[in-house]
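Contents: one structure, followed by commentary.
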Amino acid sequence: MFYREAGQFKSSYKEDQAVFPILQDRVGVGLMLLVAFIGIPLLTSEYFISAIMTPFLILALAAIGLNILTGYAGQISLGTGGFMAVGAFAAYKFATFSIAIGGAETTIPLVVTILLAGVVAALVGVMFGIPSLRIKGFYLAVATLAAQFFIEWVLVKFGWFTNYSPSGIITAPPLEVMGYLFDSPGEKYIFTLSFVAVMALAAKNLVRSHIGRGWMAIRDMDIAAEIIGFRPLHTKLSAFAVSSFFCGVAGALWAFVHLGTVEPEAFGINRSFAILFMVIIGGMGSIIGSFIGAAFITLLPIFLSNVPPMIGWDIGVDMISHMEFMIFGALIIFFLIVEPHGLARLWSIGKEKLRSWPFPY
Amino acid sequence: MEDIIFELQFFLEVLISGLLTGSLYSLVALGFVLIFKASGVFNFAQGAMMLFAALSLVGFQELLGVHWTVAFVMAIAVMVLLAWCVEKFVLGKLVNQEPIILFMATIGITFFLDGFGQTLWGSDIKVMDVGLPTGSFDMGGIFIDKLELVAGFTAGALVLALALFFNKTKIGRALRAVADDHQAALSVGISLRTIWIIVWSVAGLVGLVAGIMWGSKLGVQFSLTLLALKALPVLILGGFTSIPGAIVGGLIIGSGEKLAEIYIGPFVGGAIENWFAYMLAMVFLLFRPQGLFGEKIIERV
Amino acid sequence: MVENTVKPGEILLSVEDISLSFGAVRAISEVSFDIKKGEVRAIIGPNGAGKTSMLNCINGFYHPQQGTITYKGITRSAMKPYEAAAQGIARTFQNVALFKGMSTLDNIMTGRNLKMKSGILASTLWWGKAQKEEMEHRRFVEDIIDFLEIEAIRKTPVGRLPYGLQKRVELGRALAAEPELLLLDEPMAGMNLEEKQDMCRFILDVNDEFGTTICLIEHDMGVVMDISDRVMVLDYGGKIGDGVPDEVRNDQNVIDAYLGGGH
């Protein structure tokens with residue numbers, strides 16, 4: 001009833017191609033940002049913010065990264081965890097380097113450090129993306145596994161990356177931006193949220209630009225894409241670069257904001273799978289879907305470990321983790337069969353229905 | 001002089017051990033190839049199937065106290081049932097979907113099976129006891145692991161059996177027909193459903209054999225699924241559709257990895273076994289995207 | 001690269017003595033022909049005669065083992081398809097090769113890709129130059145949408161469109177590149193009479209209004225003889241006839257090939 005676009009005429013292509021062409025959507029997104037920036041930090045508990053919201057946002061960012069590569073450009077990757085690790089350790093190296101050259105003071109601003117880490121991840125991503133020019137589909141999946149295992153190994157084996165920490169664990173420096181210390185869970189959450197919000201918008205802009213169309217063209221039919229003039233080299237490698245940049249920043253945030261101390265195992269093959277699942281369940285080729293998928297995968301384990309005891313069903317921790325596996329597996333299959341475009345598609349179907357409500361058509 | 005002989009013996013020992021381990025990779029890769037050939041599905045779940053089969057076998061042995069041969073037969077029944085379920089609930093519903101979707105569905109199967117197997121049979125490491133020999137024997141100064149030798153022979157026998165099955169039996173020929181062209185096979189009255197169930201059952205059987213070998217070697221445990229991932233580079237070397245390719249690829253990966261660990265490993269900090277196979281495969285791909293035995297693809301528009 | 005301009009009536013593309021084989025299969029053997037600027041050139045022949053392979057050679061998708069292709073006065077040995085696109089060769093495909101996950105508008109916009117220059121950073125901002133560029137090209141694409149009369153399906157994912165409309169969108173995508181040479185691979189296959197008439201109209205309009213040179217493969221003889229200026233006939237990879245429609249229609253070799261008389 002209230003979700004109507006009648007009477008909203010677009011008088012320019014610019015208006016027609018806005019991210020949210022419908023007024024109600026703009027209001028909705030504004031409200032959501034308001035809630036995210038002000039409502040959540042004020043109204044919810046520290047546990048909710050630090051154990052659910054912050055990791056959810058960071059994983060959503062990684063999922064956007066993978067979605068760019070797999071959902072938009074159609075290049076499947078099982079190496080997301082590896083690229084996140086690159087981001088985390090690059091950020092660590094930049095941060096400690098910046099402290100080292102400045103005496104005890106950081107000379108490179110933190111935000112720059114994190115972005116630089118993303119750039120390093122992008123470079124590594126491009127390196128492992130080169131095989132994608134010759135190989136496709138499953139073959140590429142294997143090549144990205146090479147990235148995953150190789151990166152993990154390098155980070156464990158070479159002390160330089162951890163500044164020769166004997167345990168192989170790195171500790172992130174305090175989060176200080178322009179003299180302000182982001183210390184409490186609420187502040188850290190705001191820090192993450194700002195990053196994620198800006199980057200999500202950037203991703204949205206990118207995928208609707210000619211660069212994003214190139215990715216989708218390569219995904220849908222690579223031969224035709226080449227014949228109408230997309231250079232496979234540029235298109236694929238730019239997808240790898242941008243995707244890895246996002247994953248790298250997510251990795252840096254994961255290390256600096258969420259965990260504080262990290263070892264390479266935090267970015268193992270299971271992390272890669274978890275993020276792939278977020279993309280499949282949320283919706284391939286959808287930015288909003290990356291958020292929905294991340295929320296789903298983050299919340300499910302919490303749901304599983306809290307709900308059975310609540311209804312008086314006591315199952316062991318082991319069992320919960322096995323059930324998680326089963327449910328994830330079954331859900332993946334369910335979504336691929338019933339709605340290959342994921343929850344994001346259900347979301348947009350819902351919106352369409354709402355548009356004509358209360359009439360069926 | 002003595003040094004050289006010793007070096008050579010050591011080299012041979014590493015090589016042979018690598019080759020034999022490689023044949024274990026081949027066993028896993030075989031399962032992949034079977035399914036890919038017959039249905040075009042890249043079955044990521046082959047490793048999970050292997051673990052599930054081995055878990056079932058050991059589980060039946062423990063639970064019912066039966067002889068391992070009885071448990072073996074029961075495990076086969078479980079794998080056939082699994083194949084039926086996969087066809088009924090997953091593949092049958094995804095007919096005509098893109099290969100990449102099917103691939104992801106098998107990742108779903110992987111996770112489901114991993115969770116399901118451990119829910120049923122528990123997650124502690126189990127001993128696989130089917131009377132395979134252990135220890136090693138000395139052959140002219142070269143020590144050879146008995147279990148690995150058995151695994152090598154089993155892999156060889158399995159390939160021979162499969163070759164006979166594909167070339168001499170009616171079902172085998174039907175399978176090959178389906179592999180060549182789904183639609184044409186349908187039109188001459190071959191039921192795709194049955195074929196898929198058969199082929200997944202055979203892959204399950206291959207998985208069971210592989211699981212027995214790996215289980216005897218390392219114990220039946222969750223980490224076997226990670227080892228099964230090693231079958232992927234094997235496939236890349238050998239090509240997705242070639243049974244001999246799976247064998248040769250396995251041997252190359254197995255021996256290459258062991259030799260690299262011994263001779264290159266010390267210079268870069270060791271433990272390169274984790275990634276060497278993938279890197280080898282990736283570099284190889286750059287030069288020969290279709291694998292050693294795969295057919296060259298002519299692209300059309 | 002030297003930009004040569006070719007005047008109407010002069011030879012735009014000439015194919016000399018090219019042969020193409022896949023292993024033992026010979027797809028094209030020693031065929032020479034040319035396309036003049038501004039004409040509608042048809043290639044006909046029975047199935048498997050090597051027509052599509054010929055188009056694939058022209059736009060660099062296949063590389064003939066022998067012979068040369070000269071386009072706008074530049075002779076080339078091997079080139080990549082995207083290089084051909086950059087030189088002004090666009091095409092459509094026998095089996096519609098649209099980007100199924102994208103809308104009609106986006107599909108046609110992809111045809112403009114070679115003319116869009118803004119980089120990744122500028123595109124993430126969606127501000128200033130990048131936006132202005134996007135809007136300019138959108139305007140151009142809207143003209144094509146109007147021309148092809150597909151306004152109503154602008155935002156529909158092309159996977160959901162009926163076949164005839166898909167073919168039209170594909171033509172739109174090729175036109176968006178403002179090609180000098182447009183290769184059409186069976187643009188009317190599988191269409192009903194009315195759709196064929198529409199398509200003929202579009203082809204002739206493109207030829208007339210934009211002066212685009214067109215090379216098309218088609219099975220419907222009526223259509224071919226009607227709209228093309230010159231026709232080349234291929235059979236078993238070899239050229240068996242070439243000339244204006246009337247000549248070709250009466251050529252004994254061609255009649256044999258089509259009626260099976262010679263075999």
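A short reminder: the numbers here are calculations on the coordinates, not readings from a lab. Please read these numbers as outputs of a predicted model, since none were measured by experiment. When we count neighbours, we look across all protein chains shown, and the Cβ atoms used for this are built from the backbone with ideal geometry, even at glycine.
The length gained on full extension between residue C:94 and residue C:147, counted as 0.36 nm times the residue separation minus their Cα-Cα distance, comes to 16.9 nm. Counting charges near residue B:58 (Lys, Arg +1; Asp, Glu -1) among other residues having Cβ under 15 Å from its Cβ returns a value of -1.
Within a 10 angstrom radius of the beta carbon, how do A:335, B:60, A:37 rank from fewest other beta carbons to most? Each step should come with its number before you reach the end.
Working: A:335 24, B:60 21, A:37 15.
Going from least to most buried by this count: A:37, B:60, A:335.
Quick one: which residues, 5+ away or cross-chain, put their amide H under 5 Å from the amide H of residue C:241? H built at 1.01 Å from N. Result for residue C:241 returns C:233.
Here the label points at residue A:22 and residue B:2, each 7 Å from Cα along the C-beta direction, are separated by 8.7 nm in the simple model. Every helix of 4 or more DSSP H residues in the protein assembly as shown counts as -39500 (n - 2.57), and over all residues that averages to -19500 deg cm²/dmol at 222 nm.
For region B:1-110, the fraction of C-alpha pairs more than 22 angstrom apart is 51%. Counting charges near residue A:67 (Lys, Arg +1; Asp, Glu -1) among other residues having Cβ under 12 Å from its Cβ returns a value of +2.
A simple spin-label model places the labels of residue C:250 and residue B:138 9.8 nm from each other, with each point 7 Å out along Cα-to-Cβ. Taking 12 Å as the straight-line reach from the Cα of residue A:188, the aspartates and glutamates in range (excluding those fewer than 8 positions away in the same chain) are A:46, A:176. Charge tally around residue A:170: other residues with Cβ under 10 Å, Lys/Arg +1 each, Asp/Glu -1 each, net 0.
Return the tail of the calculated pair distribution for chain C, meaning the percent of Cα-Cα pairs more than 33 Å apart. Tail of the P(r) past 33 Å holds 22 percent of the pairs. Among C:65, C:252, C:131, the residue with the largest mean-square fluctuation in a Gaussian network model of chain C, with springs joining Cα atoms closer than 10 Å, is C:131.
Restricting attention to region C:95-165, which chymotrypsin sites (Phe, Trp or Tyr not before Pro) occupy a DSSP loop and are surrounded by at most 12 other Cβ atoms within 10 Å?
Working: sites: C:99, C:126, C:127, C:140, C:147, C:163; in loops: C:99, C:126, C:127.
Listed in order of number, the matching sites are C:127.
Which pairs, out of B:88/B:230; A:136/C:51; C:100/C:155; B:217/B:258, put more than 18 Å between their alpha-carbon atoms? Pairs exceeding 18 Å: B:88/B:230; A:136/C:51.
Region A:282-361 and region B:122-192 have Cα centres lying 39 Å from one another.
How far is helix B:192-218 tilted off the main Cα axis of chain B, in degrees rounded to 10, range 0 to 90? The angle comes out near 20 degrees.
Relative contact order of region C:167-229, taken over Cα pairs closer than 8 Å and 6 or more residues apart, is 41 percent.
With a simple spin-label model that places each label point 7 Å from the Cα along the Cα-to-Cβ direction, the separation between residue B:263 and residue A:352 comes to 6.1 nm.
Within chain C, DSSP assigns beta bridges of which about 60% are antiparallel (rounded to the nearest 5). Peptide C:123-132 has a mean of 5 when you count, residue by residue, the C-beta atoms of other protein chains within 10 Å of its C-beta.
Among the residues of A:126-135, the average count of other protein chain beta-carbon atoms within 10 Å of the residue beta-carbon is 2.
As a length-normalised measure over Cα pairs under 8 Å and 6 or more apart, the relative contact order of region B:2-287 settles at 37 percent.
Suppose every K and R has +1 on its Cβ and every D and E has -1 on its Cβ; what is the size of the dipole of region B:168-220 about the Cα centre, in Debye to the nearest 20? List each step's numbers first, then the result.
Values: 6 positive and 2 negative charges, 38 e Å.
Here the size comes out at about 180 debye.
Computed from phi, the 3J(HN,Hα) profile of region A:169-182 under the Karplus parametrisation 6.51, -1.76, 1.60 (θ = phi - 60°) reads 9, 9, 10, 6, x, x, 7, 10, 10, 6, x, 9, 8, 8 Hz, with x in place of Gly and Pro.
Kirkwood hydrodynamic radius of region B:151-274 from all distinct Cα pairs, in Å?
Details: mean 1/r = 0.0599 Å⁻¹.
16.7 Å is the Kirkwood radius here.
Taking amide hydrogens as placed 1.01 Å from N in the peptide plane, the amide H of residue C:112 sits under 5 Å from that of no residue at least 5 positions away in sequence or on another chain.
The Cα-based radius of gyration and maximum Cα-Cα distance (Dmax) for region A:232-361 are 18.1, 57 Å. Rg/Rh, computed from the Cα trace of the protein assembly as shown with Rh as the Kirkwood radius, has the value 1.00. P(r) tail for region C:100-178: Cα pairs beyond 16 Å make up 49% of the total.
Of all segments of chain B bounded by GluC sites (Glu not before Pro) found in a DSSP loop with no more than 12 other C-beta atoms within 10 Å, the longest spans B:1-294.
Taking N as the residue count of chain A, its C-alpha radius of gyration divided by 2.2 N^0.38 Å amounts to 1.03. Can you give me the Cα centroid spacing of region A:18-46 and region A:179-242 in angstrom? Result: 22 Å between the Cα centres. The string of couplings for region C:22-37 from the Karplus curve (6.51, -1.76, 1.60, θ = phi - 60°) is 10, x, 8, 7, 9, 8, 9, 10, 6, 9, 10, 6, 9, 10, 8, 4 Hz, one whole number per residue in order, with x for Gly and Pro. For residue C:216, nonlocal amide neighbours, meaning residues 5 or more places apart or on other chains whose placed amide H falls under 5 Å from its own, are C:41, C:42, C:43, C:184.
Sorted from longest to shortest, the spans of the Cα atoms of chain B along the three principal axes equal 68, 56, 37 Å.
Measuring r between the beta carbons of residue A:52 and residue A:197 and using R0 = 22 Å, the FRET efficiency lands at 0.80.
Of the residues B:141, B:219, B:250, the one that moves most in a GNM of chain B with alpha-carbon contacts below 10 Å is B:141.
Residues in region B:129-135 carry Karplus couplings, in order, of 10, 10, x, 6, x, 10, x Hz; the curve used is 6.51 cos²θ - 1.76 cosθ + 1.60 with θ = phi - 60°, and Gly or Pro positions show x. Peptide C:74-83 shows a mean partner chain C-beta count of 3 within 10 Å per residue C-beta. If R0 equals 60 Å, the separation of the Cβ atoms of residue A:97 and residue B:95 corresponds to a calculated FRET efficiency of about 0.60. Summarising the overall dimensions of region B:1-40 from its C-alpha atoms, the Rg and Dmax are 17.1, 56 angstrom. In a DSSP loop and with at most 12 other Cβ atoms within 10 Å, the chymotrypsin sites (Phe, Trp or Tyr not before Pro) in region A:288-321 are A:313.
Between the C-alpha center of region C:10-56 and that of region C:208-263 there is a gap of 12 Å. Of the chymotrypsin sites (Phe, Trp or Tyr not before Pro) in region A:94-189, the ones in a loop by DSSP (not H, G, I, E or B) with at most 15 other beta carbons within 10 Å are A:158, A:164. Working from Cα pairs under 8 Å separated by at least six residues, relative contact order for chain C is 26 percent.
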